[in-house]
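The values are calculated or read from the model by the stated rules, or taken from the named source; none is laboratory data. All values derive from a computational prediction rather than experimental measurement. FYI the Cβ positions are ideal-geometry reconstructions off the backbone, even for glycines, and counts take in every protein chain you see.
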Amino acid sequence: MIRRLRTAFTAMTPAIALWASASPTHAQGLQNPLTSQSVTDFIAGALKVLVIVALPIITLFIVIAGFMFVFARGNEGKLSEAKKNFVYVIIGALLILGAWVIATLIGGTVSQLIS
């Protein structure tokens, strides 16, 4: 038990020292790592990344739904499962792309109102 505590304490010692050395004077040297200067730019960028990541995944699931249709071979239970899977993929794609379009429209409107 004592050996475990000693090992845990020695593993945490650098983190404790780093936390203790942080002071407000060191925080003045920090810079913003984000390229966006406003909240609307940040949200638009985050949704753009979401769409870029989601499009290949959506494509993969559409292909999987197509294979489910092919492998169903007329079996009503498997066909209904393939249809349900396809509908869910399309709904998910519409939600993701719709959120991106709406955020882009709102961001453009807000930027026009501000300038």
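One table, with the values for the structure above:
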item: Among (1) modelled with pLDDT of 90 or more; (2) surrounded by 13 or more Cβ atoms within 10 Å (Cβ to Cβ); (3) among the aliphatic types (A, V, I, L, M) - the single one V63 does not satisfy; result: (2)
item: Scan of the range 98-115 for residues that are without any contact (Cβ under 8 Å) to a residue 60 or more places away in the chain and either surrounded by fewer than 16 Cβ atoms within 10 Å (Cβ to Cβ) or in contact with a Pro (Cβ under 9 Å, 6 or more places away or on another chain) (or both), ordered by number; result: G98, A99, V101, I102, L105, G108, T109, Q112, L113, I114, S115
item: Enumeration of residues in the range 32-60 that are of a type in the set (S, T, N, Q) and over 27 Å from N85 (Cβ atoms); result: N32, T35, S36, Q37, S38, T40
item: Pairs with Cβ under 7 Å, 6+ apart, first in the range 40-69 and under 30 Å from I114 (Cα atoms), second loosely packed, with under 14 Cβ neighbours inside 10 Å and among the β-branched types (V, I, T); result: T40/V110
